[in-house]
Amino acid sequence: MSEKITIYDIAKKLNITAATVSRALNNNPKIKDSTRELVLETAASMNYKQNKLALALKSGKSNNIGVIVPRIDSNFFASVIRGIEEELYPHGYQVIICQTHENPKRENENLYTLIDAQVDGIIMSVTDVTNENDNAFHNVLEKNVPLIFFDRSKHIDGVSSVTINDFKGGYIATKQLINQGCKHIAHLSGDQSLEIFKNRFLGYKQALLDNGITFNEKYVIQSKSSLEAGKEAIDILLELETPPDAVFSSSDFAALGVIQELKERNINIPNEFCVAGFSNEPFTKFMELSITSVDQSPLEMGRMSARVFLEQVDKTETIKIEKKVVLAPELHIRKSSTRINS
């Protein structure tokens, strides 16, 4: 294996000091253009590569951004990451992606790993809202590293967030079901300790009350975002003395599970039973029975999260501005909740 080329090797070849080479490589304005060009040409010919970590330690800037998500095998989170990259790449930033797999311990490890990697900022969707990782969050802020939450957030002073209006999303989805003549509307909720799921539930509940429909707590089932969870939930709901005639699900995947189970029971969708989901996953519009769903605008959420980061960063210092951005949800009405004679 060939030895790694250093600035001392370049300096020796050009008969100049290592300090001059270092300044030239880092575009120090005190270095003449002719000297800088000579150093850069020589470094390239000798296959010299800068130590990015050492440079970050010295300058305090790595041009790397950490992004923490529950999982990347999700269209929503993948689209958010795409939006972040599209916005930051022209500014010279690279993205380091970490997954928590919904595990608070892994989230904690991710935070400390990114800090050790000298990232210039962290954009993340939290795993849960317990205080388990508060020390890690505060450590990020103490290091003067901008921290921006997206989608799933928690209230920490000094931390900005980019979310959508989940309350309104839950409200307009439920109102659509009411407009189709549904009277007994169930709700599949995620973990309501997370604000996004709590607000979707509150939007659902308020839509019922505003339209003269009595809220029935038996119609609310906490479920995971999966087909199996949707199937299990609708099995329970259909056994009630007065079964529902519609479901608003906080997850498109659970909504798909509901639809599959209803089809197996030969229950007609949407004339006998209407379904609406949340997230506007790609499959919702491509199915033969397309699914009504609330769009979370993940691409725009990613771009906006990146813009919030850029607003907080200056060439010399971090500007302490806490910003709360709330995007408007959009309901895509499709076959699963559109009755012909409504």
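The values are calculated or read from the model by the stated rules, or taken from the named source; none is laboratory data. Computed from a prediction, not measured in an experiment: that's the story for all the values here. Counting neighbours? That spans all protein chains shown, and the Cβs are built from the backbone with ideal geometry, glycine included. Each accessible area value is taken on the protein alone, full model and side chains, heavy atoms only, with ligands, DNA and RNA left out. Shrake-Rupley method; radii C 1.70, N 1.55, O 1.52, S 1.80 Å.
Scanning region 169-176 turns up no residue that is part of a loop (DSSP other than H, G, I, E, B), crowded, with 17+ Cβ neighbours inside 10 Å and of a type in the set (D, E, K, R). Picking from SER225, SER290, which residue would you name as being more than 27 Å from ILE340 (Cα to Cα) and either part of a loop (DSSP other than H, G, I, E, B) or in contact with a helix residue (DSSP H, G or I) (Cβ under 8 Å, 6 or more places away or on another chain) (or both)? When all the criteria are applied, what remains is SER225. Within this structure, GLU142 passes the test of being of a type in the set (D, E, K, R), loosely packed, with under 14 Cβ neighbours inside 10 Å, in the same structural domain as VAL69 (by the TED database) and more than 14 Å from the chain's Cα centre (by Cα).
Restrict the check to region 146-168 and report whether at least one residue is more than 27 Å from ILE97 (Cβ to Cβ) and buried (at least 17 other Cβ atoms within 10 Å of the Cβ). Yes, because at least one residue in region 146-168 is more than 27 Å from ILE97 (Cβ to Cβ) and buried (at least 17 other Cβ atoms within 10 Å of the Cβ).
In region 181-206, what residues are farther than 16 Å from PRO244 by Cα and among the aliphatic types (A, V, I, L, M)? Talk me through it step by step, then tell me what you get.
Just the residues of region 181-206 that are farther than 16 Å from PRO244 by Cα, to begin with: 190-203, 206.
Correct list: LEU194, ILE196, LEU202.
If I filter region 44-63 down to residues being among the hydroxyl-bearing types (Ser, Thr, Tyr) and either open to solvent by less than 80 Å² (accessible area, probe 1.4 Å) or more than 26 Å from LEU25 (Cβ to Cβ) (or both), which single residue comes out as modelled with the lowest pLDDT? Among those residues, the one meeting the criterion is SER59.
Would you say VAL39 is open to solvent by less than 30 Å² (accessible area, probe 1.4 Å), among the β-branched types (Val, Ile, Thr), at pLDDT 85 or above and closer than 30 Å to SER293 by Cβ?
Working: open to solvent by less than 30 Å² (accessible area, probe 1.4 Å): yes; among the β-branched types (Val, Ile, Thr): yes; at pLDDT 85 or above: yes; closer than 30 Å to SER293 by Cβ: no.
Judged against the criteria, VAL39 is not a match.
Answer yes if at least one residue in region 207-221 is in contact (Cβ under 8 Å) with a residue 40 or more places away in the chain, under 20 Å from ASN165 (Cβ atoms), in contact with a helix residue (DSSP H, G or I) (Cβ under 6 Å, 6 or more places away or on another chain) and assigned to a loop (DSSP other than H, G, I, E, B), and no otherwise. No - not one qualifying residue is present in region 207-221.
Among the residues making up region 127-186, those that are closer than 22 Å to VAL326 by Cα and of a type in the set (Asp, Glu) are ASP128, ASP151, ASP157, ASP166. Taken over region 64-96, residues that are buried (at least 16 other Cβ atoms within 10 Å of the Cβ) and over 23 Å from SER226 (Cβ atoms) amount to 12.
Filter region 286-295 down to the residues that are open to solvent by less than 10 Å² (accessible area, probe 1.4 Å) and not hydrophobic (A, V, I, L, M, F, W, C), then identify the one that is farthest from the chain's Cα centre (by Cα). Reasoning before the result, please.
Going through region 286-295, the residues open to solvent by less than 10 Å² (accessible area, probe 1.4 Å) turn out to be 291-294.
In the following step, the residues that additionally are not hydrophobic (A, V, I, L, M, F, W, C) were identified as 292-293.
Values: THR292: 22, SER293: 18 Å.
The selected residue is THR292.
A single member of LEU331, LEU289, LEU299 is under 30 Å from HIS91 (Cβ atoms) and in contact (Cβ under 8 Å) with a residue 40 or more places away in the chain, and it is LEU299.
Identify all residues within region 230-281 that are of a type in the set (Val, Ile, Thr), crowded, with 16+ Cβ neighbours inside 10 Å and in a helix (DSSP H, G or I); write none if there are none.
Selection gives ILE234, VAL258, ILE259.
Can you find, within region 109-128, the residue that is surrounded by the fewest Cβ atoms within 10 Å (Cβ to Cβ) among those that are polar (S, T, N, Q) and modelled with pLDDT of 90 or more?
We begin by selecting, within region 109-128, every residue polar (S, T, N, Q); these are 110, 113, 118, 125, 127.
Pick out the ones that are also modelled with pLDDT of 90 or more and you get 110, 113, 125.
Values: ASN110: 25, THR113: 15, SER125: 24.
Per the stated criteria, the residue is THR113.
Has region 23-33 got any residue that is open to solvent by 60 Å² or more (accessible area, probe 1.4 Å) and modelled with pLDDT of 85 or more? Within region 23-33 (the criterion being open to solvent by 60 Å² or more (accessible area, probe 1.4 Å) and modelled with pLDDT of 85 or more), the answer is yes, since at least one residue qualifies.
Filtered by the rule that a residue be of a type outside the set (S, T, N, Q) and surrounded by 19 or more Cβ atoms within 10 Å (Cβ to Cβ), region 296-312 gives PRO298, MET301, GLY302, ARG303, MET304, ALA306, VAL308, PHE309.
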